[in-house]
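Enquirer: Handing you a structure now.
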Amino acid sequence: MQPLEARQLPPSPVPPDFLDACTTLTAAIQELVERFPDYECLTILHRDGSEDRTSLARFWQRAKSAQALLESNGLRPGDHAVLILPTGSDLVASYFGVMLAGGVPALTAGPSNRISDHALYVRFLGRVLGNAGARFVVSEGEVAKLLRDAGSDALAGAVVLTTDQITDLPVSEFPATFPASADEVATIQYSSGTTGDPKGVMLSHRAMLAYMRLLRDGVGFGPEDVNVNWLPLYHDMGLFGAFLMPLLCGFPAVLIPTMDFLRSPSLWLWAIHAYRGAAGWAPNFAYSLCAKRIEDDEIEGLDLSSWRIALSASEPVLAPTLEAFAERFAPYGYRAETMTPAWGMAETVMAVTAHPVGEKPVVDRVDRLKLVQEEIAEPTAGDGIDVVAVGRPLPGIELQIRDPETREALPDRHVGILWVRATCLFEGYKNDPERTAEVKIDGWFDTGDRAYLVGDDLYFVSREKDLVVIGGEKYAPHDVEAVINAVPGVREGCAVAFGVMNTDSGTEDLGAVAETKLEDPADLDALRRTIRKEVTRTLGLGVRHLHLVPPGGIEKTTSGKLARSATRDRYPEIFGGRDGS
Amino acid sequence: MEAETLEREVCAWLEKKLGVSGVGRDEELVSSGLVDSGNLVRLATHIERLADIEIPDRDIDADHFDTVAMIVAYVQERSA
């Protein structure tokens, strides 16, 4: 990565309170375009240092042209379209193009570069399309070809459109904008990775706008804050943090395609340097990656002193990562108080707690045994578990820690289930009223996360829902277990999978235990290889820790979750303690 | 680039960046979980520089990069 020279972004002409009077996303964007057509609201930065800048007028032309393409292919108000596109102006235009036609855009990931079996991706996508009842997929390049080759049946009847079919229309031919209302669903987020049952989180215009206002005011973003991000837009932090909030609040934004960041992590830091970036968002693993995998000679002359807010959310925030990052980049002008741990879920739009900006992150050292056995976070001066405060509720957000059984509110420092009440809660899960009713109760949302409070500070302990989160992407252990169970030599139904925290990489590795009757070391070795190959082929994940055990080696309980944690606890020498120690 | 030099360089990278030493030519890197997707992308970017070739995003997967032997074969094919 070559150093990036200083660059200027055009100052934003958008008044700081612009969002306050907006009622729908479509009306907001239309007003922005009418008032500030020449404002270059979006800059995409590529790995070779080149950038694309898009003015609001140009963005509007692409969005209107995308709308026309969708309408001419039969998209009607209320129809859903799933977008599978890399970060870029066509994704942004297609997203709004669907909305301008009265449709509902949903964003999801393309096939992982680790999954060699693309048929499985198509099957997953088919389930998403079926769940959304989507009539269209908008994609491009090889992904579009893969989907077209798969045929309409595999895509639940959805039609594949590509961005190269969007032909620029003159203003006189722009189709009329569908007048949306605030309570209609504006976006669906399919956020649970590429495994598990598709879970479409429906968000209304009202919730999304309410969220962006409370984020702007609660965290304290200002019009002079340049946002520099690389998160994919199908991720909630990418969609809202990197793209929609800066766009609709008129904050200058630089987006880096995710693959370009992964190839050269220092690109993100150089972009912050070059554009005098003030805000950036990432899951914990990315901070760990930057702290540990960037060489000195890549960042000679780097200046991070403009960085004011580094939000960390979407996976557990680890104390060693905060320390490593602060130490690594202090010589480059980075301040420890820039790091802003936060907590949120797609169901709350995004982060609804954040550590006060400008204050160093707080770490609570608690007694390990008390936490594990009694579910009480008792401070200790000696050896213990370091839990990072993931922030205080943003304005208008209420948090409660409740007993998992009785649902009674618990006092400070008692670990229980986190419930959230907010004006920005999701409407429900698409086509899944039962699942919605299980978690949305009397205006509150049962997050399933286990946490405790100390005053206003929230401390995250673990996920009740047993998901494995690797690099901010979520995976259902059940899917891994199903793959392992199908490998000949594994005792049917006798495999469990779970996440194992890796403090070095700052994210989880995949761990699994499987029973087998095989005993010969060569056979066991072969079985290990086959299991790993299958899991990679089908899910794109590597099984970092794989333990084969004789029959009886797995704890059997009626709950998959208990079986996983009990089995895991049986082999501490392999999987370590809960906090990755 | 010589196959042996490349092999040595890849192994050195794995040791330096991931702390994994003594990786065999045919040992699975990706499917074993040794190299996660992020590290795989960085390994590919490193190889791009070493061998002075361009590796398109779509090739960075377990089909092309799962073992040191596969990496060497891939690079030789691209440089030919």
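Enquirer: Quick one: helix A:560-570 against the long Cα principal axis of chain A, what's the angle to the nearest 10°, folded into 0 to 90?
Expert: Result, in degrees: 50.
Enquirer: Then there's this: Eigenvalues of the Cα gyration tensor times 5, then square-rooted: what semi-axes does that give for segment A:476-575, in whole angstrom, largest first?
Expert: 19, 16, 13
Enquirer: Which order do the peptides A:342-350, A:517-525 take when ranked by the mean count of other beta-carbon atoms within 10 Å per residue, highest first?
Expert: Those peptides, ordered most packed to least, come out A:342-350, A:517-525.
Enquirer: Let me ask another. Evaluate segment A:122-228: find the radius of gyration of its Cα atoms, find its Kirkwood radius, and give the ratio Rg to Rh.
Expert: Ratio value, two decimals: 1.05.
Enquirer: In segment A:384-504, how does Rg compare with the Kirkwood Rh, expressed as the Rg/Rh ratio over alpha carbon atoms?
Expert: Over the Cα atoms of segment A:384-504, Rg/Rh equals 1.03.
Enquirer: If each DSSP helix of 4+ residues adds -39,500 (n - 2.57) and the sum is divided by the residues in chain A, what number results at 222 nm, nearest 500 deg cm²/dmol?
Expert: -8500 deg cm²/dmol
Enquirer: Report Rg/Rh for chain B, rounded to two decimals, where Rg is the Cα radius of gyration and Rh the Kirkwood radius.
Expert: That ratio is 0.91, to two decimals.
Enquirer: When we measure straight from the Cα of B:K16, which lysines land under 23 angstrom away, once same-chain ones fewer than 8 places off are left out?
Expert: A:K292
Enquirer: Name the long-range amide H neighbours of A:T507: under 5 Å, sequence gap of 5 or more, or other chain; modelled H, no Pro or chain starts.
Expert: Here the answer is A:N502, since their amide H atoms fall under 5 Å of that of A:T507.
Enquirer: Same structure again: Over the Cα atoms of segment A:461-500, what Rg and Dmax result, in angstrom?
Expert: Answer for segment A:461-500, Rg first and Dmax second: 11.5, 37 Å.
Enquirer: Report, in degrees rounded to the nearest 10, the 0 to 90 angle that the Cα long axis of helix A:25-35 makes with the longest principal axis of chain A.
Expert: Once rounded, the angle reads 40 degrees.
Enquirer: In peptide A:230-242, how many Cβ atoms from other protein chains are near each Cβ within 10 Å, on average?
Expert: 0
Enquirer: If you line up the long axis of helix A:141-150 against the longest principal axis of chain A, both from Cα atoms, how many degrees apart are they, to the nearest 10?
Expert: The two axes meet at around 70 degrees.
Enquirer: Just grab the label-to-label distance for A:F174 and A:A57, each label 7 Å out from Cα along the Cβ direction, in nm (one decimal).
Expert: 1.1 nm
Enquirer: For peptide A:500-507, compute the average count of partner chain beta-carbon atoms within 10 Å of each residue's beta-carbon.
Expert: Across A:500-507, the average partner-chain Cβ count within 10 Å equals 1.
Enquirer: Another one. Any idea what the relative contact order of segment A:476-575 is, in percent, if you count C-alpha pairs under 8 Å spaced at least 6 apart?
Expert: It rounds to 28 percent for segment A:476-575.
Enquirer: Which length gain, in nm to one decimal place, applies between A:E492 and A:H118 when the Cα-Cα distance is subtracted from 0.36 nm times their residue separation?
Expert: Gain on extension, A:E492 to A:H118, equals 132.1 nm.
Enquirer: Expressed as cubic angstrom per residue, what is the convex hull volume of the alpha carbon set of segment A:255-321?
Expert: 93 Å³
Enquirer: Rg and Dmax of the protein assembly as shown over Cα atoms: what are they, in angstrom?
Expert: For the protein assembly as shown, the Cα-based Rg and Dmax read 24.3, 76 Å.
Enquirer: Take segment A:7-154, compute every pairwise Cα distance, and split them into 5 Å bins from 0; I just need the percent in each bin.
Expert: 2, 9, 16, 18, 18, 14, 11, 7, 4, 1
Enquirer: Take each of the peptides A:563-573, A:217-227, average the number of other beta-carbon atoms within 10 Å over its residues, and list them starting from the highest.
Expert: Highest to lowest by the protection proxy: A:217-227, A:563-573.
Enquirer: Listed highest first by mean packing, meaning other Cβ atoms within 10 Å per residue, what order do A:271-277, A:15-21, A:426-432 come in?
Expert: Ranked by mean Cβ neighbours within 10 Å, highest first: A:271-277, A:426-432, A:15-21.
Enquirer: Using a 10 Å cut-off on Cβ to Cβ distances, tally the other chain neighbours for every residue of A:263-271 and report the average as a whole number.
Expert: Partner Cβ neighbours, averaged per residue: 2.
Enquirer: If amide H atoms are built 1.01 Å from N in the plane of the peptide, which residues on other chains or at least 5 residues away come under 5 Å of the amide H of A:V138?
Expert: A:V82, A:L83, A:I84, A:L161
Enquirer: Can you spot the lysines whose alpha carbon is less than 20 Å from A:K440's alpha carbon? Ignore those fewer than 8 places along the same chain.
Expert: A:K199, A:K430, A:K465
Laboratory data are not the source of any read-out in this text; all were calculated from the coordinates shown. All of these numbers come straight from a predicted model, not from anything done at the bench. Glycine gets a Cβ as well: all are built from the backbone with ideal geometry, and neighbour counts include every protein chain shown.
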